[in-house]
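Trainee: Here's a structure for you.
Derivation of every value follows stated rules applied to the coordinates shown; laboratory data play no part. These figures come from a predicted structure and were not determined experimentally. Cβ atoms come from the backbone with ideal geometry, glycine included; neighbour counts cover every protein chain shown.
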Amino acid sequence: MNEINSTTSENCVNNISLCNSNIQQRYRTTPIQSNFLESYFQNIDDFPDSNMRKKIAQKLGMPSKSVHIW
């Protein structure tokens, strides 16, 4: 009986670690990045196209997806 429970426990632990390995960490902007993005979206363009988002991302050193979501 204990052998079955220990195997089940090991499977649960293994499944949890597999699930957690697919979770991406949230990207946090620095104050400089936030200031730039806030200024850009308020003063220049509310909805930059994908090309412009890529350029902004490269300039700020952050993922393009983060610029899009921000």
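Trainee: Over the Cα atoms of the range 30-70, each weighted equally, I'd like the Debye log10 I(q)/I(0) at q = 0.17, 0.34 Å⁻¹, rounded to two decimals.
Mentor: For the range 30-70, the Cα-only Debye profile gives -0.36, -1.42.
Trainee: Can you tally the net charge around S66? Count Lys and Arg as +1, Asp and Glu as -1, for every other residue whose Cβ sits under 10 Å from the Cβ of S66.
Mentor: Neighbour charge sum, excluding S66 itself: +4.
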